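Contents: one structure, followed by commentary.
The values are calculated or read from the model by the stated rules, or taken from the named source; none is laboratory data. Just so you know, these numbers come straight off a predicted model, no measurement behind them. Cβ placement follows ideal geometry from the backbone for every residue including glycine, while neighbour counts extend to all protein chains displayed. Surface accessibility is based on the protein's heavy atoms, side chains included, excluding ligands, DNA and RNA. Shrake-Rupley method; radii C 1.70, N 1.55, O 1.52, S 1.80 Å.
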Amino acid sequence: MLELRGIHKYYNPGTINEMCLFQDFNLTIDKGEFVSVVGSNGSGKTSMLNIICGSIPVEAGHILIDGKDITKEKEFKRNRKIGRVYQNPAMGTCPSMTILENMSLADNKGKIYGLSRGTNKARIDYYRENLAQLGLGLEDKLDVKVGSLSGGQRQAMALLMSTMTPIEFLILDEHTAALDPKTADLIMELTDKVVKEKQLTTIMVTHNLRYAVEYGNRLIMMHQGECVIDKKGKEKEEVSTDEILKVFNEISIECGN
């Protein structure tokens with residue numbers, strides 16, 4: 001279980017540009033939930049992910065995982081339990097290294113390297129098996145540098161690499177936004193498969209309302225640092241894209257957009 005309790009987050013505190021994004025924000029995500037998060041720019045979606053991952057601090061409040069307070073825990077320590085895929089495919093992989101070297105890095109997440117070889121040849125068949133599941137032919141291109149791959153291939157690799165080691169949470173930060181529609185659909189199908197097979201608690205921020213409605217078992221809409229819609233279970237199953245779009249448009253009109 002992941003809990004955000006009484007979160008306060010200010011940007012540019014003490015300046016003329018001070019802005020309060022979260023004020024006493026609370027959210028509980030149960031184990032195994034796949035939560036789709038939608039909302040306009042500036043609603044707090046990505047900031048919430050950054051707070052969970054430890055990328056940015058909070059002024060007040062607590063972040064808890066299974067009852068343990070991790071508010072002061074460093075980002076690299078949280079990453080042992082959290083896998084994250086970013087909007088930019090380049091952020092989840094190292095372009096100057098080969099597919100094999102990237103897989104080796106992901107395989108060694110959280111481990112001490114010492115002076116041993118960076119690539120364990122005994123694991124090559126394991127990497128090939130994992131890559132073959134993507135259906136992109138990458139298992140036959142282990143010596144190819146990742147920078148030469150397409151955005152979709154790199155994002156598929158980033159998703160695979162983020163879940164290679166045992167994790168509890170998968171954070172998806174608009175991970176299909178930079179892809180063409182066909183490739184985005186492929187990545188979403190792959191995402192759903194990985195989440196179900198590994199039984200990961202997942203938070204997916206997306207601007208694609210269709211994905212938010214079709215995938216996952218809970219849907220949240222954020223606005224000005226608050227959850228204005230929170231549907232789960234049967235309510236989530238019955239929600240439609242038009243319904244979410246209507247609320248989105250109403251909020252936009254109220255804000256003068």
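Some observations on this one:
- When the solvent-accessible area of the chain is split by element, carbon and sulfur atoms take up 49 percent of it, the probe being 1.4 Å.
- Rg over Rh for region 188-227 works out to 1.00, both radii taken from alpha-carbon positions and Rh defined as the Kirkwood radius.
- Cα shape, region 217-256, gyration tensor, a/c 1.5 rule: oblate
- Residue list for region 55-93, given a label point 7 angstrom along the Cα-to-Cβ vector of Gln23 and an amide N cut-off under 16 Å: 59-61
- The shape of region 1-124 can be summarised by an equivalent ellipsoid whose semi-axes, obtained from the alpha carbon gyration tensor, come to 33, 17, 15 Å from longest to shortest.
- Annotation for Lys72 and Thr15: the two label points, set 7 Å from Cα along the Cα-Cβ direction, are 2.8 nm apart.
- Most mobile of Asp107, Asp30, Asp242 in a GNM of the chain (Cα contacts under 10 Å): Asp242
- Per residue, the accessible area of region 118-161 comes to 49 Å² when a 1.4 Å probe rolls over the protein heavy atoms.
- Ranking of Lys31, Lys236 by solvent-accessible surface, largest first: Lys31, Lys236 (1.4 Å probe, protein heavy atoms only, all chains present).
- Most mobile listed residue (Lys72, Lys81, Lys45) in the chain, GNM with C-alpha springs under 10 Å: Lys72
- Dipole size of the chain about its Cα centre, with +1 on Lys/Arg Cβ and -1 on Asp/Glu Cβ: approximately 1040 debye, rounded to the nearest 20.
- Residue-count net charge about Val85 - beta-carbon cut-off 15 Å; Lys, Arg +1, Asp, Glu -1: +2
- Residues of region 201-217 with amide N under 17 Å of a point placed 7 Å along Cα→Cβ from Asp185: 208-215
- Selected from Thr191, Ala106, Ala177, residue furthest toward positive end of dipole (the chain; charges at beta carbon): Ala106
- Shape class of region 58-111 from the alpha-carbon gyration tensor: prolate, with a/c at 1.5 or above and a/b greater than b/c.
- Normalised size of the chain, defined as Cα radius of gyration per 2.2 N^0.38 Å with N residues, equals 1.05.
- Listed residues Ser252, Ser96 arranged by accessible area, highest first, probe 1.4 Å: Ser96, Ser252
- Of every Cα-Cα pair in region 116-257, the percent that sits beyond 21 Å: 53
- Estimated [θ] at 222 nm from DSSP helical runs (n ≥ 4, -39500 (n - 2.57)) normalised by residues in the chain, nearest 500: -10000 deg cm²/dmol
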